[in-house]
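What follows is a short report on a single structure.
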Amino acid sequence: MAYWNSRGLRGSQLEESLNMTNKIYLEQGLAVVQKIPTAIKPVELDPGKGTIKLAYFEEKSTVDYLGNIQGIPVCFDAKETSQKRLPIANIHSHQMDFMKAFEQQEGLSFLIVHFKFCDETFMLPFITLKTYWDNAQNDGRKSIPYADFDQNLRIYPSHNILLHYLETINYYLNRKENRKP
């Protein structure tokens, strides 16, 4: 049973930026993407503050975000690291299973990864993630180095959009389309 005790706020800055971005996308009619809440069961309450002191996750979550971008179903998870690498341990097998099933239904699955040390954010497509995941499961490297992230899939701010990931997705899909025989 997984317990939550302040660890649930990890990645909250990245998620807040994504939530604000998704709100703008919705207002501009560009995309409908929503944060999927993780169900928790309170175990210990602070009656004085009216807050939850200790809780556990009722079920395994899938990914952080689900939505549709101009007819393309998308699912993605937000990951933040202060290291110069993304530990594979930050990605769970049930998330990989969900993203794989989503891809098999012709959806687009990916991670949005923020590196705090350099304040850079990237899209990591599922197909790339799966290569590293499979390698780690077979006693290979247990992380994805910053240097291995595709600079062409870096996410930049644009005007009032903090993380304009639609431009990066567009680039990725165009590149993928051009590689088809």
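What follows is calculated from the coordinates using simple rules that are stated; it is not laboratory data. A quick note: this is a predicted structure, and the numbers were derived from the prediction, not measured. A quick note on method: Cβ atoms are made from the backbone with ideal geometry, for glycine too, and the neighbour counts reach across all protein chains shown.
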Inset, instruction - Could you size up the charge dipole of segment 119-181 around its Cα centre, putting +1 on the beta carbon of Lys and Arg and -1 on that of Asp and Glu, and report it in debye to the nearest 20? - result: 260
Inset, instruction - Please work out whether segment 85-172 counts as rounded, prolate or oblate from its C-alpha gyration tensor, where a ≥ b ≥ c are the square roots of the eigenvalues and a/c under 1.5 means rounded, while otherwise a/b larger than b/c means prolate and anything else oblate? - result: oblate
Legend entry - Cα-Cα over 28 Å, subset of LYS35/LYS100; LYS23/LYS79; LYS49/LYS84; LYS49/LYS116: LYS49/LYS84; LYS49/LYS116
Legend entry - Stretchable slack from ASN160 to LYS23, in nm (0.36 nm times residue separation minus alpha-carbon distance): 48.2 nm
Inset, instruction - Starting from the Cα-Cα distance between ALA147 and ARG175, subtract it from 0.36 nm times their residue separation and give me the gain in nm to one decimal. - result: 8.1 nm
Inset, instruction - Place the peptides 141-147, 14-20 in order of packing, highest mean first, counting for every residue the other Cβ atoms within 10 Å and averaging per peptide. - result: 14-20, 141-147
Legend entry - Charged-residue dipole, Cβ positions (Lys, Arg, Asp, Glu), segment 76-168 about Cα centre, Debye nearest 20: 300
Inset, instruction - For segment 48-171, build the charge dipole from Cβ charges (+1 Lys, Arg; -1 Asp, Glu) around the Cα centre, then report which of GLY140, PHE117, ILE155 sits farthest towards its positive end. - result: PHE117
